Amino acid sequence: MDLTVGRRPLQDAGWSSFVAGHGSALPFHHPSWAATLAECYGYDAFCVTVDDGAGRIVAGLPVLEVRRRRGPRRWVSLPFTDHCPPLATEGFGAQLVPLLDGARRRFGVDRLEVRGVLRGPGVHPDG
């Protein structure tokens, strides 16, 4: 399967539709939650999505880019949120970790933090 990973604006219609139609979506996946956090704390908010060859989202997560003074860039899904795992279509799983890590590196981000369970090479559980 031909897959691409990229950043989409929170209000992207494709992301909103994907979240609305996904059975495991939580209120935290909705664009309004990340937008509220971004506005309150001054972070850049967006979605990282994996798209198939036809441009349909097959996986993704809302992200805030967190930067501390003189600190490294981090993508967090989502700060101040108890649980916000990536959403994925049925049968899409093992490929997610390397794709997200590749996007992180391509955008020059030092770390990706996910508030949910991820399995795969390079995953380091916190706690």
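Values computed for the structure shown
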quantity: Dipole magnitude (debye, nearest 20) for the stretch 43-96, charges at Cβ of Lys, Arg, Asp, Glu; calculated: 560 debye
quantity: Cα shape, the stretch 10-124, gyration tensor, a/c 1.5 rule; calculated: oblate
quantity: Contact order normalised by residue count of the stretch 28-95, Cα under 8 Å, 6+ apart, percent; calculated: 27 percent
quantity: Contour minus Cα-Cα distance for Asp52 and Asp82 (0.36 nm per residue); calculated: 7.9 nm
quantity: Length-normalised contact order of the chain in % [C-alpha pairs under 8 Å, at least 6 apart]; calculated: 23 percent
quantity: Compactness of the stretch 63-113 - radius of gyration and Dmax, Cα, Å; calculated: 12.3, 40
quantity: Peptides 57-68, 19-30 ordered by average Cβ neighbours within 10 Å, highest first; calculated: 57-68, 19-30
quantity: Top positive-direction residue, dipole computed over the chain with Cβ charges, set Trp75, Val97, Ser24; calculated: Trp75
quantity: Carbon + sulfur, % of accessible area of the stretch 13-94 - ligands and nucleic acids excluded, 1.4 Å; calculated: 50 percent
quantity: Accessible surface, per residue, of the chain when the full set of protein chains is kept, probe 1.4 Å, Å²; calculated: 57 Å²
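The values are calculated or read from the model by the stated rules, or taken from the named source; none is laboratory data. What you are looking at is a predicted structure, and each value in this text was computed from that prediction instead of being measured. Every residue, glycine as well, gets a Cβ built from its backbone with ideal geometry; the counts of neighbours run over all protein chains shown. Just the protein is used for accessible areas: all its heavy atoms, side chains included, with ligands, DNA and RNA removed. Shrake-Rupley method; radii C 1.70, N 1.55, O 1.52, S 1.80 Å.
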